[in-house]
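First comes the structure, then the notes that go with it.
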Amino acid sequence: MDAFIQMENVSMLYGNNGVRAAALRGIYLSIDAGEYVVITGESGAGKSTLLTILGGLQVPSSGAVLIKGVDLSSLSADRLADFRRETIGFIFQAYHLLPYLTARENIMVPMSPLRTSAREKAERAESLLASVGLSGKEERLPSELSGGECQRVAIARALVHDPSVLLADEPTGNLDSTTGEQILDLFSRLHKAGKTVLMVTHNRANLFRATREIRLRDGKVAEVDG
Amino acid sequence: MNIRKLAWKNLFRRKSRAVFMGLGIFLGIGTFVALASLTAQMEQAVQDKLDRFGANILITPRTEQLSLGFGDISLGGTQVAHSRLTTADEKAIRGIEMKERLRSVVPFFLAAADASGKNLVWMGVPAMEIVAARPWWKISGSPIREKGEVLLGSEVSAALDKGPGGTVVSGGRTFLVTGVLHPTGEKEDGMIIASIGEVRSLAGNFRGVTFFEVAALCKDCPVEEIVAQIGDALPGARVSAIRQVVESRKAAVDQFRRLGLGVSAIVLAIGGLMVFVTVMGSVQERTKEIGVLRAVGFRRRAILSLLFWETGWVSLLSSVSGAFIGVAAAMLAAPLFGVEKAEAAFSPALLGVAIGIVLGLLGTVPPARRAAALSPTEAIRSL
Ligand SMILES: Nc1ncnc2c1ncn2[C@@H]1O[C@H](COP(=O)(O)OP(=O)(O)O)[C@@H](O)[C@H]1O
Ligand SMILES: [Mg+2]
């Protein structure tokens, strides 16, 4: 039986004609369902690149990425979008909320192409907001929320389609340590609830929550620590 | 929330951007509509002016061998013998099917009669119609208004050695000369012009008409049609279009129409470019947002329909208001361009709205496709 998430000899070259910088060089990776993996490494080591490739946000220059046995490179653009929607929840360091939408509306965005009734969508958004501890702030714009609250909204948005995998790229990078801890508690809770979590982080203090650390150096896996 | 609502929210919350995009469309379409409807009105005004410029249909008795000029009229004795048309015919002319097209029907009566000892041709016209029927006449003195007044052709004035204020005696009556025509190069230089009733009574023919001049309103110029209808109404008459008048009128209007089309085409190209560029710019600005939407699972088609809804709304609203303002501006500006009664022209407005929407949507496609073709990561990184 294949692993839940598998990378086989994945390389990523940035830049076209002329200087091509390798961000990833021949990565092999295998992650089981329900793991909580922390990806560490120096800035520029290729952590974000690895995560976006896993999330189907970009395509590697070579190598194969299999999630639940499906090779992402075999998917059409539309199927890849469906895969992102159904399987992956992506959380960015900079939240990437739409600034002109309220907290509730931001959470409803991933549901907007769907035919579900507006009422159901709103109810789903509200229950997600409650689950990340933001009841009563449904009508706030991102500019009216603190950084930690914005990240909670972003996490709630990532959970809309109940994905099995959460990919978080330095989710606490913009937050003070107390707020960061609360966000990490939230991830621990999600992990306990059965999500597979892959998180890029700088902070080694986070490690105790994880089941495994993958350390990258110069686009290679330097060390895997279970 | 669905795509349409998301589009609407985006527009509403990012008002200044929406307004900026709309402004480009508004100005482009407004200018196009203003110029297009102004030229349409000017074309109409040129048409109207030409229509006012004299008659374009001549009605003469069929049986006489008359040319269109006056020179070949045989004037035997003191009476014109061939006056087969009568005042009753005017009613028949005005009763044709296209009677609304007839702007004026002017009877003329020509007769030879004595004038202070010389045998001259008298031209009788209803006094009130003279200015309309012969707008090109220049008169020293004033036109005739009452009975007992005459105008002298320039040659007559010289031959009789009479000018404004002088008198002419005929049939035992004395006529006051109110004015003298500047030379026209036409036969009337050798005629005395008086009110038609006076000439008839000098000739002893009280219902006679030598010929009618008809001025038909010439929009789309169905002159042949009008000629045929008058011919049917007056079987004894020869009805002919004064082709030269019709043709030159058409030529002038056509020329103006071509000018208008040319101007509109240029303005449309510029306005269209403005629409295109503003829409492209505002979609390009949103590349990052498009990346985020793709990251949360939007298919490309969902992105395209989101952007289409947005630009669709903006281009609809701004082209409608642009068209509205354009029509209003054309109405206000019309008097400056010699249009006397300005009328709202709706076809340029409709065309403008259609063009605004189409261009808005077209302007969406290239940047939207480009944004959707980027990987979400690249799109999010873009600034
Ligand atoms: N879009 C890009 N174009 C060119 N080079 C890039 C791009 N994204 C990342 N890189 C380069 O790839 C390497 C890895 O980047 P990244 O995955 O962002 O590292 P990390 O997240 O570990 O800091 C870096 O050297 C970075 O400069
Ligand atoms: Mg990074």
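A straight chain from A:GLU144 to A:ALA21 at 0.36 nm per residue would run longer than the Cα-Cα distance by 40.3 nm.
Averaged over peptide B:368-379, the number of partner chain Cβ atoms lying within 10 Å of each residue's Cβ comes to 3. Placing a pseudo-label 7 Å from each Cα along the Cα-to-Cβ vector at B:THR87 and A:GLU86 gives an inter-label distance of 9.6 nm. Counting only other chain Cβ atoms within 10 Å of each residue's Cβ, the peptide B:296-308 averages 5. Could you work out how far helix B:300-333 tilts from the main Cα principal axis of chain B, as a 0 to 90 degree angle to the nearest 10? Helix B:300-333 sits roughly 30 degrees off the main axis of chain B. Between A and B, buried accessible area from a 1.4 angstrom probe totals roughly 2300 Å², ignoring ligands, DNA and RNA. B:ARG94 exposes around 100 Å² of accessible area when a 1.4 Å probe is run over every protein chain in place.
Placing R0 at 30 angstrom, the Cβ-Cβ distance between A:SER76 and A:ALA3 gives a FRET efficiency of 0.80 after rounding to 0.05. Between the beta carbons of A:ASP185 and A:SER117, assuming R0 = 35 Å, the FRET efficiency works out to 0.60 to the nearest 0.05.
Computed about its Cα centre, the charge dipole of chain A is approximately 180 debye, with only Lys, Arg, Asp and Glu carrying charge at their Cβ. Compute the distance in nm between two label points, each set 7 Å from the Cα along the Cα-to-Cβ direction, one at B:GLN255 and one at B:LEU273. Result for the modelled spin labels: 3.0 nm.
Between B:HIS182 and B:GLU224, residue separation times 0.36 nm minus the direct Cα-Cα distance comes to 11.8 nm. In chain A, the longest principal axis of the Cα atoms and the axis of helix A:118-131 are about 70 degrees apart. Accessible surface ranking for A:HIS202, A:HIS161, A:HIS96, B:HIS182, 1.4 angstrom probe, highest first: A:HIS202, B:HIS182, A:HIS161, A:HIS96. A crude spin-label estimate for the pair A:LEU13 and B:GLU100, with each label 7 Å from Cα along the Cβ direction, gives 7.8 nm. Can you compute the FRET efficiency between A:ALA94 and B:LEU332 using 1/(1 + (r/R0)^6), with r the Cβ-Cβ distance and R0 = 45 Å? Round to the nearest 0.05. Given R0 = 45 Å and the Cβ-Cβ separation, E is 0.30.
Helical content alone sets the calculated 222 nm signal of the protein assembly as shown at -14500 deg cm²/dmol, taking -39,500 (n - 2.57) per DSSP H segment of four or more residues and averaging over every residue. For the range B:57-241, the calculated P(r), taken from all Cα-Cα distances in 5 Å bins from zero up to the bin holding the longest distance, is 1, 8, 17, 20, 19, 15, 10, 6, 3, 0, 0 percent. Inter-chain neighbour count for A:102-115: the average number of beta-carbon atoms from partner chains within 10 Å of each residue's beta-carbon is 5.
A 1.4 Å probe over all protein chains sorts B:PHE308, B:PHE108 by accessible area into B:PHE308, B:PHE108, starting with the largest. A simple packing score, the average count of other Cβ atoms within 10 Å per residue, orders the peptides B:184-197, B:292-305 as B:292-305, B:184-197, with the highest score first.
Helix A:77-87 and the longest principal axis of the C-alpha atoms of chain A enclose an angle of approximately 70°. Multiplying the residue separation of A:SER127 and A:GLN58 by 0.36 nm and removing their Cα-Cα distance gives an extension gain of 21.7 nm.
Residues of chain A: accessible area per residue at 1.4 Å, in Å²? If you can, show how the numbers build up before the last one.
Values: 9640 Å² over 226 residues.
Using a 1.4 Å probe on heavy atoms only, each residue of chain A averages 43 Å².
For B:GLU285, the solvent-accessible surface computed with a 1.4 Å probe is close to 110 Å², ligands and nucleic acids excluded. For the range A:112-174, a simple Cβ point-charge model (Lys and Arg +1, Asp and Glu -1, everything else neutral) yields a dipole of about 200 debye relative to the Cα centre.
Return the residues of the range B:262-294 for which accessible area with all protein chains present is lower than in the chain on its own by 50 Å² or more; set the probe to 1.4 Å and exclude ligands, DNA and RNA. Going by heavy-atom accessible area, the residues of the range B:262-294 that drop by at least 50 Å² are B:VAL292.
Note on the range B:57-241: with neighbouring protein chains present and a 1.4 Å probe, carbon and sulfur make up 52 percent of its accessible heavy-atom surface. The lysines whose alpha-carbon is closer than 17 Å to the alpha-carbon of B:LYS15, local same-chain residues fewer than 8 away aside, are B:LYS5.
Out of the GluC sites (Glu not before Pro) in the range B:114-151, which ones are loop residues according to DSSP with at most 11 other C-beta atoms within 10 Å?
Those satisfying the criteria are B:GLU146.
Surface composition of the range A:11-66: carbon plus sulfur atoms contribute 52% of the solvent-accessible area (1.4 Å probe, protein chains only, all chains present). Within the range B:124-138, which residues have the backbone N less than 20 Å from the label spot 7 Å out from B:PHE206 along Cα→beta-carbon, could you tell me? Residues passing the 20 Å test: B:124-127.
Based on every Cα atom in chain B, Rg and the maximum pairwise Cα distance Dmax equal 33.4, 109 Å. Rolling a 1.4 Å probe over the protein heavy atoms gives the range B:193-239 an accessible area of 36 Å² per residue.
The values are calculated or read from the model by the stated rules, or taken from the named source; none is laboratory data. Worth saying up front: this structure is predicted, and the values here are computed from it rather than measured. Note: ideal-geometry Cβ built from the backbone for every residue, glycine included; neighbour counts use all protein chains shown. Keep in mind that these areas ignore ligands, DNA and RNA; they rest on the heavy atoms of the full protein, side chains included. Shrake-Rupley method; radii C 1.70, N 1.55, O 1.52, S 1.80 Å.
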